[in-house]
1. Conditions: (1) surrounded by 10 or more Cβ atoms within 10 Å (Cβ to Cβ); (2) free of Cβ contacts under 8 Å to residues at least 24 places away in the same chain; (3) not charged (D, E, K, R). Asn4 meets all but one. Number of the miss?
2. Which helices (runs of 4 or more DSSP H) does the chain wholly contain that include 3 or more residues that are modelled with pLDDT of 95 or more?
3. Go through segment 56-73 residue by residue and tally those that are exposed (fewer than 15 other Cβ atoms within 10 Å of the Cβ) and over 19 Å from Glu12 (Cβ atoms).
Amino acid sequence: MEQNMILINREEVEGMIRHMNRAIGYCQNARPGLPYDSQTDREAEPTEFYSGASGFALGTLKSVIRQLEYSLK
């Protein structure tokens, strides 16, 4: 049986893992965004809320897929 393999630069793989772990952390720690409870909530980073964490995770997944697809060429 023939093996089909590709080589991916170690630094690229480490970067993908780092970004995916960051996305996981944002998603695990996210909280509802509305209504804002305080001035602190209004000044918080978007990734502290479900919508921001979800957006970051989506962007991360798209980026990793793009990198992997590029490696298949």
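The values are calculated or read from the model by the stated rules, or taken from the named source; none is laboratory data. In this text, all values refer to a predicted model and were calculated from it rather than measured experimentally. Cβ sites come from the backbone with ideal geometry, for glycine too, and all protein chains shown count toward neighbours.
1. (1)
2. By residue number, 10-29, 50-72.
3. Here the count works out to 1.
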